[in-house]
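Asks: Shown below is the structure under consideration.
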Amino acid sequence: MSYIKINAPLETGFGTVLSEPALTFIAKLHDEFAGTICDVLRTRRARAAEMNGGTLPRFKPETARIRADRSWSVAGSAGAPGLEDRRVELTGPVTEDEVVAALNSQAKVWLADLEDATSPTWANIIGGQVNLFRAIRGQLPGITNDNQPTIGLRPRGWHLPEKHLIYVDDNGSEFSTSGALVDFGLYFFHNARYLIDNGSGPYFYLPKLESSQEARLWNKVFVLAQNMLGIEKGTIRATAHIETITAVFQMEEILFELREHCAGLEAAGWDYLFSVVKNLRNTTEYVLPDRERLTMDLPLMKAFTDRLVATCHRRGAHAIGTMSNLMSDHP
C-alpha cells in the first residue's frame, strides 16, 4: 500500500495539516497522477527543445474544432460565492503577518501564493498551510475585517517537487512528491468543506501552464479530489495563469479542458515576457526593445491581452489583468 513519508522535522503546529488522513489523501492523488505528471514534464522538455531549434508555437490544427465551436462556455462565477466581483485582487505570501494584512485589506479576492511569492522551504510551505487553516477558521489574531477578501490558493507548478514529503508506491519505491499535488491536496482536504459550509468555496489559481494537456490534468485532479471527499463536481473553481508563450496559443483549449471548474484566465505579463525571452532566444528575428520600453501597450503585449480578453468574453470567463508590482505599507 502506498503512503507518504515525512522527511523533515515536525515544527510546532505542523501536525494540524500533516495528519494521517491528509497524507493518505495526498498519497492517493499520487497513485493516480504521478505518472501523468512525468509524462507532462517529458512533453515540456521535448517542446522546449523544438523551440530552441527554431520551431515557433502555433495554433494546433487538431484542436481547431474546439476553437470553432461557439456552443460551449465555462462555469465562470456562477455557483461560486465570493468570485462574482473580482475588480481588485491582491497577491502575497502566506506568512502569518501577510495573511493578516491581506485579510484586513479592501481587496475583493486574495491570491494566497505558495508559488512565486513564497520560497519553497519546508517551514514556508507547511507553515503557510497552517496559517491558512487558522485564518479560514478565524483563529489568527489581528484580523478585524468583517468583509474579508475571498481566498484563492496558488499551488506550485507541475515542475516543482516537494522533497520533504516522500511518496512510497506499492512496490516500495520512493519519490519526491509533487509540489502541486501537496499544496493543492493539503489545502483542499482541510478547508474545502469548511469554506463551502461558510459561504465560500475551494478556489485556486493554476500557474505556469504550458498546454491544454496540463489543464486537463488539473481538471482530473479536481474531479478525483471532489469525489474522494464527497463534494459536488464543479464546486472547485480555478483561474488559469496565461504566462507562457505556448499557453497563449491554447487559451481556448485550456478553458475547454477546465470548463466545468474554470472561473477565468489571468494575463501574467511579466512571466509571459520571460517565456518569450527563454523560448525565442535562439530566434534572431525576434528581438525585444530595451527594458524600460517593455510596457503593456507594446504591440506584443497588447496582442496577448486583447486576445485573452476576447477569449474570456466569448466563453463566459473572467479576464483578469496583469499584476501591478506595488508594495503595501503595512508593518
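Asks: Identify, from the list 239, 284, 322, the residue that is hydroxyl-bearing (Ser, Thr, Tyr) and at pLDDT 95 or above.
Replies: 239
Asks: Based on this model, can you work out whether residue 39 counts as in contact with a helix residue (DSSP H, G or I) (Cβ under 9 Å, 6 or more places away or on another chain), of a type in the set (Asp, Glu) and assigned to a helix (DSSP H, G or I)?
Replies: Yes: the conditions hold for residue 39.
Here is a yes/no grid of residues against (1) closer than 18 Å to residue 212 by Cα; (2) surrounded by fewer than 19 Cβ atoms within 10 Å (Cβ to Cβ); (3) of a type in the set (Phe, Trp, Tyr):
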residue	(1), (2), (3)
235	no, no, no
251	yes, no, no
255	yes, no, no
259	yes, no, no
282	no, yes, no
287	no, yes, no
290	no, yes, no
301	no, yes, no
308	yes, no, no
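Asks: Pick from region 1-56 the residues that are basic (Lys, Arg) and over 15 Å from residue 189 (Cβ atoms): which of them is surrounded by the most Cβ atoms within 10 Å (Cβ to Cβ)?
Replies: Taking the candidates together, the pick is 44.
Asks: Also: List the number of the failed condition for residue 243; all other conditions in (1) more than 20 Å from residue 158 (Cβ to Cβ); (2) touching a residue at least 12 places away in the same chain (Cβ under 8 Å); (3) not polar (S, T, N, Q) hold.
Replies: (1)
Asks: Which residue pairs have Cβ atoms under 6 Å apart, sit 6 or more places apart or on different chains, and have a first residue in region 206-222 that is under 19 Å from residue 116 (Cβ atoms) and modelled with pLDDT of 95 or more and a second that is of a type in the set (S, T, N, Q) and in a helix (DSSP H, G or I)?
Replies: Listed by first residue and then by second, the contacts come to 210/246.
Asks: Can you name the residue in region 143-198 that is basic (Lys, Arg) and more than 16 Å from the chain's Cα centre (by Cα) and, of all such residues, is nearest to residue 214 (Cα to Cα)?
Replies: Per the criteria, the residue is 163.
Asks: Out of region 234-266, which residues are part of a strand (DSSP E or B), of a type in the set (A, V, I, L, M) and under 20 Å from residue 43 (Cα atoms)?
Replies: 240, 242
Asks: Being small (Gly, Ala, Ser), buried (at least 17 other Cβ atoms within 10 Å of the Cβ) and over 23 Å from residue 91 (Cβ atoms) is true for just one of 268, 225. Which residue is that?
Replies: The match here is 225.
Asks: In addition: Can you find a residue that is outside any helix (DSSP H, G or I), modelled with pLDDT of 95 or more, surrounded by fewer than 22 Cβ atoms within 10 Å (Cβ to Cβ) and among the polar types (S, T, N, Q) anywhere in region 159-174?
Replies: yes
The values are calculated or read from the model by the stated rules, or taken from the named source; none is laboratory data. None of these values were measured; they are calculated from a predicted model. Note: ideal-geometry Cβ built from the backbone for every residue, glycine included; neighbour counts use all protein chains shown.
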